[in-house]
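Below is one structure, written out as structure tokens; the observations come after it.
The values are calculated or read from the model by the stated rules, or taken from the named source; none is laboratory data. Quick caveat, the model's predicted, so the values are computed rather than measured. With ideal geometry, Cβ positions are generated from the backbone for all residues, glycine too; neighbour counts draw on all protein chains shown. Side chains included, ligands, DNA and RNA excluded: accessible areas come from the protein's heavy atoms. Shrake-Rupley method; radii C 1.70, N 1.55, O 1.52, S 1.80 Å.
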Amino acid sequence: MSLPSPTSENRAVVTGASSGIGTALAAELAGRGHSLILVARRGDLLNELAQRLTLAHGITAEVRAVDLSDRAQRGPLVEELSARNISILCNNAGIATFGPVAQLDLEYERAQMELNAVAVHDLTLAVLPGMIARGAGGILISGSAAGNMPIPNNATYAASKAFANTFCESLRGELKDSGVHVTLLAPGPVRTELPDPAEASIVDRMVPDFMWVSSEYTAKVSIDALARNKMRVVPGLISKGMSVAGQYGPRALTAPIAGAFYRKLGG
Ligand SMILES: NC(=O)c1ccc[n+]([C@@H]2O[C@H](COP(=O)([O-])OP(=O)(O)OC[C@H]3O[C@@H](n4cnc5c(N)ncnc54)[C@H](OP(=O)(O)O)[C@@H]3O)[C@@H](O)[C@H]2O)c1
């Protein structure tokens, strides 16, 4: 089975489409002829993207400016998606915080859990019955290499991405032979835009240019992997290294090493 072919009725949904990997996923899907529903908070950016992709590829692009961390705003979108023919769902919107969790803003930490984990669960469960009934569909979840291991000073993010990683790969086992493809995108660092040298983060400064992967490359290999129903896509050398260390390294060893590195990001 392959992914559903684009029709005038069906839609590929991309959350977090207003920047970074989400914009690239939307462009990749539009390039393959899929009409879209673009989701994020910044409606102005989504409208510009919708216009650009419509002109370039002759697809239809609908915009839903929704704060996915807000249950009241998310509810109507969940209801809409459960009633429509959704061919592909890219659960991609996500945020991260760095530093000791007790010192971080409580409301923002809660919003992070709601966005990175609960919204992913809600949107997936909304589209799943329709996909199963049609015997076709694709669900891509943007987890993270950070979800493979405990990371002090990145606790909420690492734990929320552990949910995303495990939910995605568990769901996949349930959907074997259903015709619904499920793929986890679990990257390490992806360079979503070139950093201003004056404001470059420690990761930008420490990782040589040739080791970064771009949003566009990440989006392409992700949709290729979803089309082939691969379990997990891990783009680039650093991501693969992080993935192996996180999945197979002893946690008593990887946690303090990762924690020391992330303490610098928190600073
Ligand atoms: N880039 C990396 O190095 C990397 C590595 C591993 C995993 N990932 C994961 O990949 C995904 C995309 O990352 P990225 O680097 O492309 O991120 P990004 O450029 O910061 O984009 C995040 C997207 O999420 C949307 N978003 C944030 N809060 C939202 C909310 N409350 N409601 C709805 N949308 C919201 C943002 O749009 P608005 O601000 O307009 O709402 C934006 O479109 C994330 O899940 C991230 O955790 C990224």
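What does the convex hull of the Cα atoms of the range 1-157 come to per residue, in Å³, rounded to a whole number?
It comes to 111 Å³ per residue, whole-number rounded.
So for the range 116-214: antiparallel DSSP bridges make up what percent, rounded to the nearest 5?
0
R0 = 41 Å: FRET efficiency of LEU106 with ALA56, Cβ-based, nearest 0.05?
0.45
At 0.36 nm per residue, and after removing the present C-alpha to C-alpha distance, how many nm does the segment from SER5 to ARG84 gain when stretched out fully?
Here the segment from SER5 to ARG84 would lengthen by 26.9 nm.
Along the charge dipole of the range 11-266, pointing to its positive end and built from +1/-1 on Cβ of Lys, Arg, Asp and Glu, which listed residue (GLY147, ALA56, VAL180) has its Cα farthest out?
It is VAL180, whose Cα lies furthest towards the positive end.
What value in Å³ per residue do you get for the convex hull of the alpha-carbon atoms in the range 84-178?
Enclosed volume per residue, from the Cα hull, is 83 Å³.
Any idea what the dipole of the range 11-266 comes to, in debye rounded to 20, about its Cα centre with Lys/Arg Cβ at +1 and Asp/Glu Cβ at -1?
In debye, rounded to 20, the range 11-266 gives about 680.
If you line up the Cα atoms of the chain on their principal axes, what length do they span on each, largest first, in Å?
Computed over the Cα atoms, the extents are 50, 40, 38 Å.
At 1.4 Å probe size, with no ligands or nucleic acids counted, give the accessible surface of GLU107 in Å², nearest ten.
Roll a 1.4 Å probe over it and GLU107 shows about 110 Å².
Quick one: helix 237-248 against the long Cα principal axis of the chain, what's the angle to the nearest 10°, folded into 0 to 90?
Roughly 80 degrees between the two axes.
Points 7 angstrom from Cα along the Cβ direction at GLU174 and GLN73: gap in nanometres?
Between GLU174 and GLN73, the label points sit 2.8 nm apart.
Return a whole-number percent for the relative contact order of the chain, with Cα pairs under 8 Å and 6 or more residues apart as the contact set.
Computed over the chain, the figure is 20 percent.
For the range 193-267, state which trypsin sites (Lys or Arg not before Pro) are in a DSSP loop and have at most 12 other beta carbons lying within 10 Å of their beta carbon.
ARG228
If each of LEU237 and ALA200 carries a label point 7 Å out from its Cα toward its Cβ, how far apart are those two points in nm?
Distance between label points: 1.7 nm.
Let me check something: with ligands and nucleic acids excluded, how do ILE21, ILE223 order by accessible area (1.4 Å probe), largest to smallest?
If we order ILE21, ILE223 from most to least accessible, we get ILE21, ILE223.
Accessible area, 1.4 Å probe, largest first: how do SER18, SER160 sort?
Descending order: SER18, SER160.
Which value, in debye to the nearest 20, gives the size of the charge dipole of the range 152-267 about its Cα centre, when Lys and Arg are +1 and Asp and Glu are -1 at the Cβ?
Result for the range 152-267 is approximately 400 debye, rounded to the nearest 20.
Determine the distance separating the Cα centre of the range 1-66 from the Cα centre of the range 148-167; give it in Å without decimals.
28
Just from its helices, what would the mean residue ellipticity at 222 nm be for the chain, if runs of 4 or more DSSP H residues each count -39500 (n - 2.57) and the sum is divided by every residue, rounded to the nearest 500 deg cm²/dmol?
After summing the helix terms and dividing by the residues of the chain, the value is -15500 deg cm²/dmol.
Does the range 181-267 come out rounded, prolate or oblate by the C-alpha gyration tensor, with a ≥ b ≥ c the root eigenvalues, rounded set by a/c under 1.5 and, if not, prolate when a/b is larger than b/c and oblate if not?
oblate
Carbon-plus-sulfur fraction of the accessible area of the chain, 1.4 Å probe, in percent?
Reported share for carbon and sulfur atoms: 57 percent.
Compute the long axis of helix 251-266 from its Cα atoms, compare it with the longest principal axis of the Cα atoms of the chain, and write down the angle in degrees, 0 to 90, nearest 10.
Taking Cα atoms only, the helix is inclined about 90 degrees.
Taking the dipole about the Cα centre of the range 11-266, with the C-beta of Lys and Arg at +1 and of Asp and Glu at -1, give me whichever of SER87, PRO250, VAL221 is farthest to the positive side.
PRO250
What FRET efficiency comes out for the pair ALA65/ASP209, r = Cβ-Cβ distance, R0 = 35 Å, nearest 0.05?
Here the calculated transfer efficiency is 0.50.
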